[in-house]
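Some notes on the structure that comes next.
The values are calculated or read from the model by the stated rules, or taken from the named source; none is laboratory data. Only a predicted model underlies this, so the values are computations on that prediction, with no experimental measurement involved. Backbone-built Cβ (ideal geometry, glycine too); neighbour counts: all protein chains shown. Just the protein is used for accessible areas: all its heavy atoms, side chains included, with ligands, DNA and RNA removed. Shrake-Rupley method; radii C 1.70, N 1.55, O 1.52, S 1.80 Å.
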Amino acid sequence: MFKSVLVANRGEIACRVFRTAKRMGIRTIAVYSEADAESLHARTADEAVLIGPAPARESYLDQAKVLAAAKASGAEAIHPGYGFLSENAEFAEAVMAAGLVWIGAPPAAIRAMGLKDAAKKLMVEAGVPVTPGYMGEDQSVERLAAEAAATGYPVLIKAVAGGGGKGMRRVDDPAAFADSLASCRREAASSFGDDRVLIEKYILSPRHIEVQVFGDSHGNVVHLYERDCSLQRRHQKVIEEAPAPGMDAVTRAAVTDAAVKAAKAVNYVGAGTIEFIADGTEGLRADRTWFMEMNTRLQVEHPVTEAITGIDLVEWQFRAAAGEPVPLQQADIPMKGWAMEARLYAEDPASGFMPSIGRLDHFRIPDGIRIDTGVEQGGEVSQFYDPMIAKLIVHADTREAAAEALAQATRAVEVWPVRTNAGFLGRCLTHPRFVNGDVDTGFIGAEEATLVSKPLPSEGLLQAASLRIRHGIARLVGGAEPHSPWDSFAGPTGFRANTEPRLQQIIHVNGDPATVEIGDSRASNGLAAPYGLDDHSAVHFEGGDAFVVSTRMDVLAAGAASDGSLRAPMPGKIVATPMKTGDAVTRGQPVVVLEAMKMEHALVAPFDGKVGEIGVHVGDQVSADTVLAVVLPNGE
C-alpha cells in the first residue's frame with residue numbers, strides 16, 4: 001500500500017478522501033487555488049500545495065501543475081475525486097508515466113466510456129440494451145434535426161463528452177430544436193471542450209437507475225446494488241436513494257447483471273457507475289430499462305451505497321489501486337435498510353435556482369447524520385466552482401423512516417446570508433408523491449409550484465419577531481436587561497417578514513423577552529443573531545428556509561426589479577442575447593443568457609412589453625448587479 005496520496009480536487013470530495021486516508025494511516029496532500037487558500041480541504045490535509053489562480057483551467061484542470069505538486073510533496077499516489085480531471089485518460093496516463101499510483105479507472109476504460117456515442121456502440125456489441133437515438137459523425141444542424149424527427153419527439157440532445165447534467169437539453173417541439181442545439185453546444189464546449197452531441201429518445205415518466213460496480217486488476221467485477229437518482233432538476237441530481245423504490249428481485253438481477261457485463265466489456269478496475277434510464281409508466285421492468293452511460297469514477301452519491309452495504313468505497317479504491325483483489329465476493333456483499341442523500345446547494349429556488357455566492361457568516365448543519373462538506377462557517381461559496389456546499393446522508397430501516405429523517409435534517413439547516421435549497425429539499429421529501437415512491441425525472445418540474453413557492457413565516461415566528469424587535473435586537477442577542485422598560489409594553493408593532501408587511505398587536509409581555517402572549521397563544525422567540533443587519537433586523541430559520549424580519553421597510557428588496565431592469569445575479573460571461581432593442585417580449589421570455597458557475601442562466605422579461613435597451617454583447621464579462629438589459633412595459 002502506498003504511504004501518501006494527493007487528491008487532485010477540492011471541496012467535499014477532497015475532505016471525504018482525506019477522511020479514509022487518515023483512518024488508514026496514509027499521509028494526505030491537498031492542492032488548492034488562490035481562491036481556496038483558506039478552504040477546509042486545504043487545512044484538513046497534512047500538506048497543501050498552491051497550484052494557481054482561481055479559474056479551474058489555471059489550477060485544478062492544469063495537469064502539469066498538479067503533477068508538479070505531487071513531485072514537490074513526495075506523493076506516491078493521486079486520487080482525482082470526481083469532476084475536473086477524474087475522467088481524463090491523458091492525465092491518468094501522465095500520472096502513471098510519472099511513476100505514481102493512479103487511483104482511478106484504466107485509461108482505456110475511460111476512453112471507451114468517455115464518449116457517449118462510442119460507449120453506446122460498445123454496449124450494443126456487448127449485448128447491453130441502449131436507448132434509441134442517433135450517435136453519428138455528421139454533426140450538421142440539418143442531419144441532427146432530421147435524426148431527431150426520425151427518433152420522434154420529445155428528444156434529448158446530449159453532449160458526447162458530457163456529464164453532471166451539463167450540455168443537455170430536452171426538446172418537445174421541432175421549432176425549438178435549432179436554438180436548443182446551439183445552447184447545448186455552447187455549454188458543452190465551455191464545460192468539456194467538445195461541442196459534439198448525440199440524440200436520444202426522451203423517455204416519458206423516466207426513472208434514473210444506476211448500479212455501483214467495482215472491479216480489480218485480477219479480472220473480478222462485482223456490483224453493490226442500485227441507486228435511484230430520479231429526483232433531478234435540469235438533469236442535475238437533487239436527492240438520491242438506495243435501493244430503488246419498486247425494484248423487485250427479478251428486475252434487480254437483470255439490471256445488475258447488465259451493469260457487471262458492461263464493466264467487464266472494458267476490463268474495468270476501481271469504482272464505477274453504470275447509468276440506466278427506465279420507463280416508469282408501468283413500474284420498473286427489465287425489458288423497459290436501457291443503458292445510458294458509464295461514469296468511470298466515484299459518484300457524488302456514493303455515500304448511500306456505503307450506507308446500505310457498510311463498505312467504504314474509497315478504501316476499496318485504495319486497495320484496488322495497490323493491486324489487491326476486490327475484498328468481498330458478490331454473495332458476501334450485504335444490503336441493509338434504506339439510505340437517502342440530499343444535495344445542499346447555495347442557490348435560491350424562489351429566484352429560478354440562481355446560484356448564491358458569498359461568505360457563510362452563519363452555517364449550521366444537523367448532528368447525528370452523515371455530512372459530507374467542504375465548507376464551514378466563515379468560509380466562502382465562490383463564483384468559480386460548483387455551488388454544492390454539503391451532502392446530507394441518512395440511513396434507516398425503511399424508506400419511510402429515511403425520508404422523514406432526511407426531511408428533519410433539512411429543516412435543521414441554518415445558512416446566512418447565502419441562500420440555500422434546504423427548504424425546497426424538505427418539501428420534496430415530504431411531498432405525497434415522493435413519500436409514496438411515485439417519482440420520475442419530471443417530478444420537480446411537475447410539482448414546481450408547490451416545491452418552489454416562497455414559504456410564509458409561521459404565526460409563531462411573526463409573534464416572536466414582533467417582540468424581539470420591540471426589545472431591540474442588539475440587546476437581546478447578548479441577553480435581556482433586568483427590569484427592562486419593555487416588560488409591561490403593550491401595543492402594535494410593524495415590521496416586514498421578508499417582503500411581506502406585518503402588524504402584530506402585543507397584549508402583554510410576561511417579563512420574559514423570549515415569550516409573548518397574543519390572544520391565547522404563546523410563541524418562542526427563535527430569532528437568530530442579526531449577521532450584519534441593522535439593530536432592527538434579524539434572521540430566523542424555519543423549516544430550512546431563512547426569513548429576515550425588520551422594522552425597516554427598505555431592508556429587503558424584491559427579487560426582480562420592478563422597473564424592468566435585468567441585473568446580473570453574479571459575475572459571469574454573456575453567451576447569448578436572444579432579443580434585440582425594440583423587440584416585443586412576453587413575461588418569462590429570455591432576453592440575455594449569462595454563463596456563471598459552469599451553467600447557463602437565462603435572464604427573462606419580468607412582464608410583457610418590449611426591450612428598451614441591451615447594454616451588453618456576447619463575450620462580455622460582467623460583474624454582479626450589472627444592468628444587462630431593460631424591459632419596458634407596453635405603452636412606454
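At a glance:
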item: Heavy-atom accessible area per residue - region 203-270, 1.4 Å, Å²; result: 30
item: Greater than 25 Å apart at Cα, pairs in LYS121/LYS158; LYS3/LYS71; LYS166/LYS610; result: LYS166/LYS610
item: Label-point separation in nm, GLU93 to ALA249, each point 7 Å along Cα→Cβ; result: 4.7
item: Residue-by-residue Karplus 3J(HN,Hα) for region 58-68, coefficients 6.51, -1.76, 1.60, Hz, glycine and proline x; result: 9, 9, 5, 9, 8, 4, 4, 5, 5, 5, 5
item: Other-chain or far-sequence residues with amide H under 5 Å of SER230's (modelled H); result: HIS208
item: Largest-first principal axis extents, alpha carbons of region 255-378, Å; result: 48, 42, 28
item: Sequence-separation-based contact order of region 298-421, relative, with Cα cut under 8 Å and 6+ spacing, percent; result: 32
item: Listed pairs LYS237/LYS336; LYS237/LYS580; LYS264/LYS336; LYS237/LYS261 exceeding 28 Å between Cα atoms; result: LYS237/LYS580
item: Stretch gain in nm, segment ALA150-ASP367, where the contour uses 0.36 nm per residue and the Cα spacing is subtracted; result: 72.8 nm
item: For region 273-423: accessible area per residue (Å², 1.4 Å); result: 35
item: Accessible area of region 1-137 divided out per residue, in Å², using a probe of 1.4 angstrom; result: 39
item: Under the Karplus curve 6.51 cos²θ - 1.76 cosθ + 1.60, θ = phi - 60°, whole-Hz ³J(HN,Hα) for region 81-97, x wherever Gly or Pro sits; result: x, 10, x, 6, 9, 5, 10, 9, 4, 5, 5, 4, 5, 5, 4, 5, 5
item: With every protein chain in place, region 1-112: carbon and sulfur % of accessible area (1.4 Å); result: 53
item: Listed residue (ALA72, VAL101, GLY83) projecting farthest to the positive dipole end of region 72-126, Cβ model; result: GLY83
item: With every protein chain in place, region 171-312: carbon and sulfur % of accessible area (1.4 Å); result: 49
item: ARG587 paired with THR44, simple spin-label distance in nm, labels 7 Å along Cα-to-beta-carbon; result: 4.5
item: Accessible area of region 325-370 belonging to carbon and sulfur atoms, whole % at 1.4 Å probe; result: 49
item: Hz values of 3J(HN,Hα) by residue in region 567-580 - Karplus curve (6.51, -1.76, 1.60), Gly and Pro given as x; result: 9, 5, x, 6, x, x, 10, 6, 10, 6, 10, x, 10, 10
item: Cut-off under 5 Å, modelled amide H: who pairs with VAL604 long-range; result: VAL591
item: Other-chain or far-sequence residues with amide H under 5 Å of VAL197's (modelled H); result: VAL160
item: Pairwise label distance in nanometres, GLU34 with VAL141, each label 7 Å out on the Cα-Cβ vector; result: 4.0
